[in-house]
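Worksheet: one structure, shown below.
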């Protein structure tokens, strides 16, 4: 089935939830609200003509200051039997940073959701094991959020070679031609 | 006597890894044992987490390339190809035909080198030491060919957005041709060592069985999925580079056990040789970098030194990144030796990706280890780790 038709099918079945259908670089993405995300995913998985049996990828995106709601959870779905592809983007607001888990539809979603929780702080309701996965258990903050700094100020714990380099730069700056 | 029996029944928790030779890197498994049967298996990953996605979002499209080499460090060439293809799809350009053929050749060489490394270490885990020594001989040969091609052996950074870095030399083509002529005999050699070996068969047949439906549901990909009999190969489903112009088969298994996954990889190496042969014979003439994308690819060095326009392009590309992008998003996947390596870009039109997501096959495969190992013996856990073929650099990113 053509991706456009699939998007139409989703819109027919869930008219209140579909926010936007976008086409870019030959791929179709459907933006939906998070309230009935589980029903939409179950519909995509269970309908025989759609049969999205393979969850290619699940990840989060942080649109801080770019748009509202702030977060999105992106599902890249593929049907190995029918050979068609669609992307579902579920909007997740920062105030209520949670979404239904898809683990009982695709078992492979388990670790992707844990990673999304770890790096974005989005909790997945109904997930069997919601723990951090890549970062240490006692880590504070969620590194892939856009307001999380790339590099922190370590102060006295900074590597000596780097502080020496900074001192050299400062010393040399007096010779700079203005 | 009664207390002794009570003690024997007690469950034992053991810690496998992160520093253990048969966990293929820094993978840690916590195993709850009842006797020698695994009751519960909990993988812990993240020891090699370097924040590649965050670093990629803070560097330009051009400068993120070396990060890709360090994901799956035994097959860096395919990682680079995946990255370049994703950026090309995002910007809507195509590499010239010759570059596509060269990329196909190097991808298949990487597949062979990754599979023989896998074969050697997997056999070593199970107790067949000889294969390891033989397979490293051939891996060395491929690494030498890479060195001849681009000067680097492991972290190659050879493909470029819009093509490849430099053209192949006649010397390289000749040596590679010689390799394709000799390698099939070497595969036979490995098979003589283990294919009929009774210990090997007992350790692999009927171990770590996963059905086709379940394997798809878990999101497995590559030879690990095809061992269960699913013909999902991205080279056939979404052909990229020159894969739609060459003829090859997709080997599949039947039982979904460790042995079938081993057979799939062995047959895949033969198919890779077939693909390389065809590419070498068909290799078209022409440029190796896309000529129609001056705002995306670095101009030639001699032009930068002589031509004002090229110098400006060079300067802007290095400092700000390619500025011709539109807002949009693309998910692009390739068939890496381990499985589906997907890259998801969200672009906001600037020279840096707004979001760079790496879907690595090893991450998904490690997540399925409890499913494969629970209820089996400790020795089978080792066979399972080997058979799903994981590299932790890619898993932890």
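The values are calculated or read from the model by the stated rules, or taken from the named source; none is laboratory data. Quantities reported herein were computed from a predicted structural model and do not represent experimental measurements. Quick reminder, even Gly has a Cβ in these numbers, built from the backbone with ideal geometry, and neighbours come from all protein chains shown.
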Considering the stretch B:302-336, residues that are in a strand (DSSP E or B) and more than 30 Å from residue B:392 (Cα to Cα), and then whichever is farthest from the other protein chains (Cβ to nearest Cβ), we arrive at B:327
Looking at B:339, B:349, which one is within 14 Å of another protein chain (Cβ to nearest Cβ), touching a residue at least 12 places away in the same chain (Cβ under 8 Å), surrounded by fewer than 16 Cβ atoms within 10 Å (Cβ to Cβ) and at positive phi?
-> B:349
Within the stretch B:237-265, residues being part of a helix (DSSP H, G or I) and either more than 19 Å from residue A:81 (Cβ to Cβ) or in contact (Cβ under 8 Å) with a residue 12 or more places away in the chain (or both) number 11
Restricting the stretch B:352-380 to residues that are surrounded by fewer than 24 Cβ atoms within 10 Å (Cβ to Cβ) and away from chain A (no Cβ under 14 Å), the one farthest from residue B:115 (Cα to Cα) turns out to be B:375
Of all residues in the stretch A:69-81, which are more than 11 Å from every other protein chain (Cβ to nearest Cβ) and assigned to a loop (DSSP other than H, G, I, E, B)?
-> A:69, A:70
Quickly run through the stretch B:205-226 and pick out the residues that are assigned to a helix (DSSP H, G or I) and in contact (Cβ under 8 Å) with a residue 24 or more places away in the chain.
-> B:212, B:214, B:215, B:223, B:224, B:225, B:226
Would you check which residues across the stretch B:50-68 are assigned to a helix (DSSP H, G or I), within 14 Å of chain A (Cβ to nearest Cβ) and in contact (Cβ under 8 Å) with a residue 40 or more places away in the chain and list them?
-> B:52, B:53, B:56, B:57
Only one of A:99, A:133 that is within 14 Å of chain B (Cβ to nearest Cβ) and either under 22 Å from residue A:40 (Cβ atoms) or under 19 Å from the mean Cα position of the chain (by Cα) (or both) = A:133
Is at least one residue of the stretch A:12-26 assigned to a helix (DSSP H, G or I) and farther than 27 Å from residue B:339 by Cβ?
-> yes
Just one of the numbered conditions (1) touching a helix residue (DSSP H, G or I) at 6+ places or on another chain (Cβ under 6 Å); (2) buried (at least 24 other Cβ atoms within 10 Å of the Cβ); (3) modelled with pLDDT under 90; (4) away from every other protein chain (no Cβ under 14 Å) is not true of residue B:116; which one?
-> (3)
Just one of (1) within 10 Å of chain B (Cβ to nearest Cβ); (2) at pLDDT 90 or above trips up residue A:113, so point out which.
-> (1)
